[in-house]
Every structure is written in C-alpha cells, then in structure tokens.
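Read the structure below first, then the notes.
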Amino acid sequence: MPSTTTSSPALSRRARREADAVPATAPATIRARVDGARAAFARGASRSLVFRRAQLQGLRALLRAHHAELEEAVAADLGKSATEFRLTEIFPVTSEIDEALRQLERWSRPRRAGVPLPLQPARARLVPEPLGTVLVISPWNYPVQLLLAPLVGVIAAGDTAVLKPSEVTPTVSGVLARLLPRYLDAQAYPVVEGGVEETTALLEERFDHVVYTGNGGVGRIVMAAAARHLTPVTLELGGKCPVWVDDAAHLEQVARQLAWAKFVNAGQTCVAPDHVLTTPELVEPLVAALRRAIAALWGQDPSRSPDFGRIVAPRHLDRLAGYIEAADGKGAGRVALGGTVDREDLYVAPTVLVMDEPDSPGAARTEESTPAVMREEIFGPILPIVPVGGPEEAIAFVGAGEKPLALYLFTASRQVADAFVERTSSGGVVEGACLIHVATPTLPFGGVGGSGIGAYHGRFSYERFSHEKPVLRKPLVPDTLALMRPPFSQLRGTLMRRLSGLR
Ligand code: NAD
C-alpha cells in the first residue's frame, strides 16, 4: 500500500494550483488576433528571409533576457529545478533556433528536379512556399519548449501563427503571453490565453495548418475540427513507450538511464519510458539497481531534493495515486520501490511496480484482463516492470498495444535489437539510452498510428510548415508536346505504346 503523507506549508502547492487560472480571452479578441495573423501573412510580412531571421533572433533574445522569469514560472507550475529547466525547456528551443538560423538560406533555396525524356526540353524546380497561418496548440508538460519549438519551424518556413499555451500551466502561459509580443511581430504571432473554450473557438477558425501537442482524445477533436476546413494537421500525441532490458552485465548503467528518463519532470514526459519488459530473473536485480540509481540522482528522500519535480495538478496526482493504491499484489502489481504520495505538495515518489507475468503477451489488453496502469499512459513517476518469457514475448506485447511514440532497447544482442526494429512499429527507437532522439535536430520527431501524425524538428519542421511547390518550365518552341495531341497518326500511336512500356 502507498504511504500517503500531507505536508502543510502556509499555502500548499495543491491549494495554490487549485486557485490558479489563466485569464479568459473574449471571442471578439480571438477573432481579431486570428484575422491579424492572417492579414500579416496576406501582406507578405512573414515571407522575407530578413524578417524570418529577425523573428528567430527575437525569440533567442527573449530566452536570453527572460530565462530567469520563465524558470520561476515553470518552477511555480511544475516544481522543475533550474538545471532541468535549462536542459529541457531552453536548450531544445535554442538549438532549434540556431539550426534554423544556420540553415535558413539552404532550406529556402529551390531544388532542381529531373524531367523525363519525353517532356524535354524543360526545367523543373521545387520551390518551398509558406503555408499561411498556423495554429499552435501546446500542452503543459514542457510548457515553454512545446509552444516555442514548433514556432521556430513556423517562423523559418515564413508562416504566421496563433499561439495557444496550455491553461494547465497558467504561470507560464501568462509570462509567455506578456513577453512574446515584445520580442516578435505581435500581429503575425499573437498569443491566445485560455482553456477549452478558447481552444474550441480557435478551432472554429480556418487555418492553413494546425499543430497540436497533447493527448490523443483531444487530438481527435482537433483533427475533426480541422477536417471541416480541410486543414492539414500535425498531431504530437503520447502513449505508452516500452523498454526492453536483457543486458544483465550492465544493469547499473541501464538503471541510471532509466531512472533519469522516467523520473525527470516527475515522469510527465511524452517520451518517458512507460514500462519495462524484461525476463523474470532480471526483475529483482533491476529493482535493486533502480533503487541505487534513484538514490544517486535524488537522494534517499527525493521529496527533499531540489531536483525532483512535482505533479502538475491535483487531478493528475489523484490518477497516479490510484495506480499505486491498486498495486496491492492482487493482479495490479506490487510496489517494489517508492509509493509515497503527498497530496498537498503534489508529490509522488519515484515508484517501481512489479507486475504479474501476462498469460498471453500478444493478447489485446482489456479492462478485465489488464490493470489501468498497463492500459493508460502513466505520465507520472511510476515505472511498472513486466516480466515476460523473452524478446519474442516482448515483441508480441509491444505489438498488442497502440504504436508507441518511442521504444527503448537495452540489449546485449544485435539480433534482438534488429528484431525489435524490424518487427515493431513506433515513432522512433533508441538503443542504449532514452529521450536523446528528441534533442537531435537532424532526426524527425513524431509518432505513428496512435502516437501521432507528422514529425518536426530542424529541417523536418521547415518542410512540415511549407509547401514544396513543383514549378515546371518548358519552352513553347520546339513544340515537342505535339506528339501527345490528336490527330493520332499510326506513328504517334506506336510512339505512345513504346512510351507506355507496351512495346
Ligand atoms: P493539455 O491539457 O494542456 O491540453 C493541450 C491543449 O489542448 C491545451 O491548450 C488545451 O486548451 C487544449 N484542450 C484540452 N481539452 C480540449 C478540448 N476538449 N477541446 C479543445 N481543446 C482542448 O495537455 P495534455 O493533453 O494533458 O498533455 C499531455 C499529453 O500530451 C500526454 O498524452 C503526452 O504524452 C502528450 N505529449 C506529447 C508530446 C509529443 O511531442 N508527442 C509532447 C508532450 C506531451
């Protein structure tokens, strides 16, 4: 059973979070901001490379001048430490900005394309053009990074955008709404604060692209709303990211990687390892190694560590506490490490559950057969370890769930790693570490199936928010297309048959 404590500072974190709310934005203001962003695009304001550079530099200047204020806001909303804030909120955005500034000229250059012989003489180019006005809807778990990283791609591609920060992190929302108009063109990149009502009102509007990061339930609402305008979407969703461990010789190193990746931001990371699959004999050695890793990172009592974050809101804490309470050793796992919950401080200790070995790993996971912690995305500092017979069973187990955003492998066998890569589907795979693919701007980041639609980062963001327009130029003289027009003589008929590969 979890031990539940209640600390009571003057005004508990829970009470403060319950009192916080973002200001509402009136429908007329929302409409005016969307119209403004559209008008800015229509007059060509965002198209020139000089403008794009200036906006990217403005964003960089904002982060440089106000990182302390943003750090305080993120600490107020998520209890995130200063170093973790720099690593997970600032660094990913500045590296995207730097990459965009370095590569902008190259990305924007039209590319030559080949022309087949029958259409020659002609020249073909691919000319990237901005899409128009993009709606960026962001979640609370990395409230700075996940609003600003897509924005970098939007600016680089020459679009304008309406920015909707998450209402679940109201302090960060307020700071960004105040600062962004001071550093960016306020008409081209307006911020709309608010909750579901404001997001719903925004989704009524016609945009040229919607990029949404958040849970799959709302992802469906976003896609349905966008479909009414035939607007394309990028959906950056979540899910349950599995880990396979069989590298018995390196369990200490594996545990350190896992503990950091799982418990950073108190487990509220879309690409955090959700659960570990391993063989029964490695379960207890891995639990012991995780115990040592957690102590090395956050001390014997992580609630006292300045580096361990808090749960964003009481309703999320209650959900997580439910998983721990259900883990009573009777089918919903048992608590092997941690399990402490402090409701007033919104603290959940780094917790490891050991689950029962599933009877048939490849079977669909229903409410009757599977506890909630193994059906839902955990999104908190709880790590279930699921014993399975071996890699074959683990591959079947991964295949029985939604396609995950990421899959992590800690295996001593090249064949096993290859088997996972070839026979499972996921947004990405990392061997020997977790999370680091997200910080690699040369790789596209996104999901597949239930974990999302479309990828971004670096050049992939530029392409995501551009239309690559084919432009074909052919001289009128000589008129080589005459062959394709009637009247069709026997000679033309024979030529066409040859061209079509019909002999
Ligand atoms: P959230 O509650 O902050 O919601 C995100 C946005 O959706 C907010 O701006 C909110 O206003 C809007 N919204 C919420 N309900 C709505 C409704 N009914 N109609 C219209 N708009 C609505 O964030 P969240 O969904 O709790 O975020 C956590 C989820 O995001 C997790 O599933 C996580 O895995 C996923 N995530 C994915 C990525 C990624 O890059 N793939 C990154 C971070 C988080």
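Here are some notes:
- Single residue of Tyr189, Tyr212 found to be over 16 Å from the mean Cα position of the chain (by Cα) and of a type in the set (Phe, Trp, Tyr): Tyr189
- Checking each residue of the range 178-186 against the condition of being crowded, with 17+ Cβ neighbours inside 10 Å, in contact (Cβ under 8 Å) with a residue 12 or more places away in the chain, within 11 Å of the ligand (Cβ to nearest atom) and among the hydrophobic types (A, V, I, L, M, F, W, C) gives no match.
- Against the conditions (1) in contact (Cβ under 8 Å) with a residue 24 or more places away in the chain; (2) within 16 Å of the ligand (Cβ to nearest atom), Arg459 satisfies every one except (2).
- Only one of the numbered conditions (1) near the ligand (Cβ under 8 Å from one of its atoms); (2) surrounded by fewer than 21 Cβ atoms within 10 Å (Cβ to Cβ) is not met by Glu205, and that is (1).
- The set of residues in the range 336-353 being among the hydrophobic types (A, V, I, L, M, F, W, C) and within 20 Å of Glu377 (Cβ to Cβ) consists of Val341, Leu346, Val348, Ala349, Val352, Leu353.
- All strands (runs of 3 or more DSSP E) inside the range 221-326 with 1 or more residues being away from the ligand (no atom under 14 Å from the Cβ) and either β-branched (Val, Ile, Thr) or touching a residue at least 40 places away in the same chain (Cβ under 8 Å) (or both): 241-245, 273-278
- Being buried (at least 23 other Cβ atoms within 10 Å of the Cβ) and either within 14 Å of the ligand (Cβ to nearest atom) or without any contact (Cβ under 8 Å) to a residue 40 or more places away in the chain (or both) is not true of Gly217.
- Of the candidates Val136, Val168, Val152, Val172, the single residue that is touching a Lys or Arg at 6+ places or on another chain (Cβ under 7 Å) and within 16 Å of the ligand (Cβ to nearest atom) is Val136.
- Residues that are within 13 Å of Glu236 (Cβ to Cβ), modelled with pLDDT of 95 or more and crowded, with 22+ Cβ neighbours inside 10 Å, drawn from the range 427-445: Gly427, Gly428, Phe445
- Counted residues, the range 345-390 - those being of a type in the set (Asp, Glu), over 23 Å from Pro139 (Cα atoms) and touching a residue at least 60 places away in the same chain (Cβ under 8 Å): 1
- In the range 405-439, the residues that are more than 16 Å from the ligand (Cβ to nearest atom) and part of a strand (DSSP E or B): Leu409, Phe410, Glu431
- Boolean, Thr83 is hydroxyl-bearing (Ser, Thr, Tyr), farther than 16 Å from Val134 by Cα and either without any contact (Cβ under 8 Å) to a residue 60 or more places away in the chain or crowded, with 21+ Cβ neighbours inside 10 Å (or both): no
- Number of positions in the range 464-503 that are within 30 Å of Leu131 (Cβ to Cβ) and of a type in the set (Gly, Ala, Ser): 1
- Pair list, Cβ under 9 Å, 6 or more apart: the range 138-151 residue surrounded by fewer than 24 Cβ atoms within 10 Å (Cβ to Cβ), other residue charged (D, E, K, R) and not in a helix (DSSP H, G or I): Pro139/Glu236; Trp140/Glu167
- Qualifying position, being closer than 27 Å to Lys403 by Cα and over 21 Å from the mean Cα position of the chain (by Cα), among Thr278, Thr234, Thr269: Thr278
- Arg291 meets the conditions (1) crowded, with 20+ Cβ neighbours inside 10 Å; (2) in contact with a strand residue (DSSP E or B) (Cβ under 6 Å, 6 or more places away or on another chain) in every case but one. The failed one is (1).
- Among the residues of the range 372-404, those identified as under 22 Å from the mean Cα position of the chain (by Cα), in a loop (DSSP other than H, G, I, E, B) and hydrophobic (A, V, I, L, M, F, W, C) are Ile378, Phe379.
- Cβ-Cβ under 7 Å pairs, at least 6 apart or on other chains, the range 414-430 side closer than 23 Å to Cys270 by Cβ, far side assigned to a helix (DSSP H, G or I) and within 15 Å of the ligand (Cβ to nearest atom): Ser425/Gly449; Gly427/Ser451; Gly428/His437; Val430/Ile436; Val430/His437
- Condition check for Val172: over 20 Å from Glu71 (Cβ atoms) and touching a helix residue (DSSP H, G or I) at 6+ places or on another chain (Cβ under 9 Å): no
- Qualifying residues in the range 155-164 (those that are within 13 Å of the ligand (Cβ to nearest atom) and either free of Cβ contacts under 8 Å to residues at least 40 places away in the same chain or assigned to a helix (DSSP H, G or I) (or both)) - the one farthest from Ala313 (Cα to Cα): Leu163
The values are calculated or read from the model by the stated rules, or taken from the named source; none is laboratory data. The shown structure was predicted, so the numbers you read here are calculated from the model rather than taken from an experiment. When we count neighbours, we look across all protein chains shown, and the Cβ atoms used for this are built from the backbone with ideal geometry, even at glycine.
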